[in-house]
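The values are calculated or read from the model by the stated rules, or taken from the named source; none is laboratory data. Computed from a predicted structure; not experimentally measured. Note: ideal-geometry Cβ built from the backbone for every residue, glycine included; neighbour counts use all protein chains shown.
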Amino acid sequence: MMNCRILTTINNYIYCSKYLLYIKLKSSSKMHDGLGVRHIQLTLLFLCMATIYVSRVNLSMAIVGMTDLLADNETRDDVYMPPGFIMPTIHNLLSRWVPPTERARAGAFVIGGLNFGIALIMYTSGFMINSTIGWPLVFYISGLLNVVWVLLWLSLGANSPDSHKSISATEHDYIKSTLTHTAHEKTKMPIPWKSILTSKSVWAIVFAHMGQNWGMWTLLTEIPTFFNSALDFDIASDGELSSIPYFLLWIASFPLSYLADRLIRKNYMSVEFSRKFWNNIGQTVSGLILISLPYIGQYVSHEMAIFTYSITTMLNSCILFGFNINHLDISPNFSCVLMGISNGAANITSILAPLFAGFMVEDETNINDWRIVFFMSSCLYIAGSIIFTIFGSGTVQKWNGPPNQQNQTDLTEDNIEANH
């Protein structure tokens, strides 16, 4: 009898402790619905992605002014090479700054910087090339943007809330209290390579990423040649027109990522269902629309082909809060390692995609050859999404932390709301 009373008392104490922590997190969360130091960090990371992709794409735009060639497909393929260590670094910083219920918005905002950077350089390069300075101005501006970003990061950036000099104690405690599965910045943990490489949820991300990169880089590198040669419509010479799909992608990511986070926060969707739902829109729906592009271009109109291309690209924004942020869900401590693996594998397909297009398209004016290219991209988009839907996960894996943390109860706001 006495033992039963003791157990009941302990259970009541645990319940009350969880409830009080929930109330604390709830009130703390409301206090930080506005802007805070973490939002400054996200803005810096967004600018990092934007400036890197401006520098990554600038040669392909400036080469038009250098050579007076509007669409040299082989040259364009060579200049889109992947920034190897940036994506893992970005995910490592996100794992230390972003509460779980803000990950969709944060991931879409930060990673969306690459689309903003691509759109920006496409839109402005024509003006710079036609200026009195000419094509060198493209590189002067790109270099200046990188220098400005470095100065901003040195003065305002930090690796985590623990190392930031001016963050308030309230915001610091709020962020740290939600990141129950993220180790301290200085904690040293061996990388569980065997567990990572045998994890179905990791390989689900890898295959989704590979399918995504094949489709994305096919569009980015081949669309100018497809429109110019197969449809006899020079989209490459119109920087404003070329930039529209990427601006749409960037803009669409804001309301959609906010909706994704809100549905999780209100318990209308679990993290796992949310990631898979949005990823299917970003890859499966985009892939199905992509198949129709050459048919619409041939039988309907150039304008409808551009519209279809823009819709495909815009919907692709949903992967930013699909597989592309899932690394943080399953292992915040090793998210940088997981991104390094998936991004490294995906960059192989970003190289193979243009090579495949060059091999299949023997005659660039033959639209039937282009149908094969877009059909292949669509199939890989959809295949990657199907694999992610079947094997992906939204929960922290056991190998994420040291043994004494692996069984720790996650008392973040979303889980506590689900339990009570």
Residues being in contact with a helix residue (DSSP H, G or I) (Cβ under 7 Å, 6 or more places away or on another chain) and of a type in the set (Lys, Arg): count how many of those fall in region 194-232.
-> 1
Any residue in region 330-337 that is under 15 Å from the mean Cα position of the chain (by Cα) and modelled with pLDDT under 95?
-> yes
Answer yes or no as to whether ILE175 is β-branched (Val, Ile, Thr), buried (at least 20 other Cβ atoms within 10 Å of the Cβ) and assigned to a helix (DSSP H, G or I).
-> yes
Could you check, for region 47-70, whether at least one of its residues is buried (at least 19 other Cβ atoms within 10 Å of the Cβ), modelled with pLDDT of 90 or more, of a type in the set (S, T, N, Q) and out of contact with any Gly (no Cβ under 6 Å at 6 or more places or on another chain)?
-> yes
Inside region 80-168, counting only helices (runs of 4 or more DSSP H) that do not spill past its ends, which hold 1 or more residues that are touching a His at 6+ places or on another chain (Cβ under 7 Å)?
-> 86-97
Which of the residues that make up region 328-366 are over 16 Å from HIS209 (Cα atoms) and in a helix (DSSP H, G or I)?
-> PRO332, ASN333, PHE334, PRO354, LEU355, PHE356, ALA357, GLY358, PHE359, MET360
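Quick one: which helices (runs of 4 or more DSSP H) sit completely within region 201-316 and have at least 2 residues that are among the β-branched types (Val, Ile, Thr) and closer than 24 Å to PHE388 by Cβ?
By residue number, 286-291, 302-315.
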Could you say which residue among VAL147, VAL110 is modelled with pLDDT of 90 or more and within 15 Å of ASN324 (Cβ to Cβ)?
-> VAL110
Among what's in region 388-407 and is part of a loop (DSSP other than H, G, I, E, B) and buried (at least 17 other Cβ atoms within 10 Å of the Cβ), pick the residue that is modelled with the lowest pLDDT.
-> GLY401
